[in-house]
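Heads up: the structure comes next, in C-alpha cells.
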Amino acid sequence: MDEADLTVCRQAFAIQMLAKAGIRHDEALLDAFSQVPRERFLGPPPWKMRDWNRYMDVPSSDPVVLYQDALFALQAERHVNNGSPSLHARGLHRLKLREGETVCHIGAGSGYYTAIIARLVGRSGRVVAVEFDEDLARQAVRNLEDYENVEVIHGNGLEWPSKETDAIYVNFALHYPALPWIEKLSTGGRLLFPLGTPAMGAGGKLLGSTSQAGLFLFQRQDAGFSAQHLQPVSFVWGEGIAGDIATYAALEKAFRSGGLSRIYGLRWKAERTEDEWYSQKHWGLVASALH
C-alpha cells in the first residue's frame, strides 16, 4: 500500500477509534490520530497482535493491518504492548489537552501515544516522555526525533514530573498515585492513570498485569483535588513496583464493593474523612453518601 492509500486508511482509522470511544467534536484528537503513522512505532514486520489469551503472528507485512483497535507487541516476552487506540482516544479526550500545555507522558513505550500528545499541544507545548525500559526509551528517542517539542527520558516514572505540569498521562497501573503526579500538578492540572492491583501467581509472584483496575481522572482545584472513575481497564503493571498483600487486598475489596461512580474527590495528606471509597494513611478516594 502506498502512502496516499495509508493516509486514507489513517483517516478512516481515526474516525473509527473516536466513534468507538463515543467521542464527538474533538477535531484536534481526530487530526492527531489521522496524522501519526502507527507503523513507525511498532518496528518492522513480522508483528505480533495480542488477543485476550495469546499473541498471534500477523500474516501480513502491509501496515494497513495495524490500523485497527488491537494491541500489538512491543516486547511480547514481557507482555508490553502498544495498547488499544480507542482506550487511549477516550483517555486523551478526557485529559482535554490544549495548545501550549506541558504534559508528562509516563510509561511512554516506543512513543506512539507521545507523538499524538505532541500534536495535541502543538509546537508551543512541551511533552516529557518517561520510559523505564532502556530499549524502549532508545526506540522512543529514535521514533520521536522529528518532534521538536518532545523530550524522552529513560527513568523511573514514579519520580516524574520534576517541574509543574499541566497534565500527566500514566500508561501503567499502580496501587497508589505517586507523589510527583499529585504535587507537581498545576492548578487546573489533570492526572489520568490506572489505579489497581496486580495479578499474582503462586507464592505471590507478580504476573505483570492487573487483577482489578480502573482508569481515574484527577484534577487540581484551587482547594483540593477532584477525582472520577472513568472505566474499568486491564493494564500492564508498573515494572519493579511492589506493595504489601494487605494493601492489595484492601483495594481489591473496594473494587468488589462497587460504588465507583460515587467517587468525587482525592484526599491528599489530610485527615481521613467519613465517606471514603478507599483509604490509606496519607490519601484516599472520597465518595458521596449512598441514597
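Descriptive notes on the structure:
- Residue match in the stretch 248-257 (condition: out of contact with any Cys (no Cβ under 8 Å at 6 or more places or on another chain), surrounded by 15 or more Cβ atoms within 10 Å (Cβ to Cβ) and acidic (Asp, Glu)): yes
- Search result, residues across the stretch 1-39 that are over 19 Å from Asn143 (Cβ atoms) and part of a loop (DSSP other than H, G, I, E, B): Met1, Asp2, Ala21, Gly22, Ile23, Arg24, His25, Asp26
- Breaking point among (1) of a type in the set (A, V, I, L, M, F, W, C); (2) under 21 Å from Ile168 (Cβ atoms); (3) in contact with a helix residue (DSSP H, G or I) (Cβ under 8 Å, 6 or more places away or on another chain); (4) in contact (Cβ under 8 Å) with a residue 40 or more places away in the chain, for Val64: (2)
- Hits in the stretch 154-171 - residues which are under 17 Å from Leu92 (Cβ atoms) and over 15 Å from the mean Cα position of the chain (by Cα): Thr165, Asp166
- The one condition in (1) of a type outside the set (Ser, Thr, Tyr); (2) in a helix (DSSP H, G or I); (3) touching a strand residue (DSSP E or B) at 6+ places or on another chain (Cβ under 6 Å) that Phe218 fails to fulfil: (2)
- Residue in the stretch 141-148 that is part of a helix (DSSP H, G or I), of a type outside the set (Lys, Arg) and crowded, with 22+ Cβ neighbours inside 10 Å present: yes
- Gly196 falls short on exactly one of the conditions (1) in contact with a Ser or Thr (Cβ under 6 Å, 6 or more places away or on another chain); (2) under 16 Å from Arg98 (Cβ atoms); (3) crowded, with 22+ Cβ neighbours inside 10 Å, and that condition is (2).
- Residue match in the stretch 102-112 (condition: surrounded by fewer than 22 Cβ atoms within 10 Å (Cβ to Cβ) and either β-branched (Val, Ile, Thr) or in contact (Cβ under 8 Å) with a residue 40 or more places away in the chain (or both)): yes
- Cβ separations smaller than 6 Å between residues 6+ apart or across chains give the following pairs from the stretch 175-190 residues that are more than 22 Å from Glu239 (Cα to Cα) to residues that are among the basic types (Lys, Arg) and outside any loop (DSSP other than H, G, I, E, B): Leu185/Arg220; Thr187/Arg220; Gly189/Arg220.
- Close pairs from the stretch 251-272: first in contact (Cβ under 8 Å) with a residue 12 or more places away in the chain, partner part of a loop (DSSP other than H, G, I, E, B) and surrounded by 15 or more Cβ atoms within 10 Å (Cβ to Cβ), Cβ under 6 Å, at least 6 apart: Leu251/His175
Here, each number is a calculation from the coordinates, and none is a lab measurement. Fair warning: this is a prediction, and the values are worked out from it, not measured in the lab. Cβ atoms come from the backbone with ideal geometry, glycine included; neighbour counts cover every protein chain shown.
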